[in-house]
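See below for the structure under consideration.
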Amino acid sequence: MIRAFLTSFAVGITLHSAAALAAAPLAFDCDVPADHFSSVTQDFEQPSVSLQGVVQVREMRSGNNLPVAGVRIADPNTKNMLGFQFVAASPKAAFFDVVLNKQVEGKLQKFGFGQVSAKAAISFRLTVDGSGKGSFIVDGNEADFEFPPLSGSKAMVFCSTGQFKFSELIFQDGPSDPAPAKP
């Protein structure tokens, strides 16, 4: 019990330290039962932020909710949020539907962004600059967008109803490198 508490405490300190997150890429083994959720988040004070990495499914589970992994950047001072999700139609799906989510002033919009293989590692990057211009990149496919400038942000990777391995995960305050991580 004490060992588990100390391990959780140490992980919490590491994951919430901006210096630790910027220093080296992280790995996050997001392993949750059906209909449960887990995430790693990082708060930023600057208006520009990027989040990139690679995700690969290890196991998809059956439940009331579909297996999903995703990335989100939210402004903690407004109801504005953007991100994308890899959604499996079933636990045996061969492909993920890529869904882009954009919420401005509480109004959520969802956009289909094609499909990616559920059998392969998927590279991704989500970037927003100080003026609100940004881009989504998923396995080399890119979409640009306009978004209200952020007053700060909370970046998150998450999963539900399965095990998804995030690797080469970089939370970055400011502009990102020109290319996302390669699987």
| HN-Hα J couplings of the stretch 83-96 from phi, Karplus 6.51/-1.76/1.60, θ = phi - 60°, integer Hz, Gly and Pro as x? | x, 8, 10, 9, 10, 8, 5, 7, x, 10, 4, 8, 9, 9
| Nonlocal amide H pairs with GLN103, under 5 Å, H built at 1.01 Å | MET81, LEU82, GLN109
| task | Just list whichever of LYS79/LYS165; LYS92/LYS154; LYS107/LYS133 have alpha carbons separated by over 26 Å in the model shown. | result | LYS79/LYS165; LYS92/LYS154
| Listed peptides 106-113, 46-53 by packing density, highest first (mean Cβ within 10 Å) | 46-53, 106-113
| message | Under a Cβ-only charge scheme (Lys and Arg +1, Asp and Glu -1), can you give me the dipole magnitude of the stretch 25-173 about the Cα centre, in debye to the nearest 20? | response | 420
| field | 16 Å Cα-Cα reach of LYS102 towards aspartates and glutamates, excluding residues that sit fewer than 8 places from it in its own chain | value | ASP75, ASP129, GLU142, ASP144, GLU146
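Since every read-out is calculated from the coordinates, none of them should be taken as a lab result. What you see is a predicted model, and the numbers here were worked out from it, not measured in a lab. Neighbour counts are summed over all protein chains in view; Cβ atoms, including those assigned to glycine, are modelled from backbone coordinates with ideal geometry.
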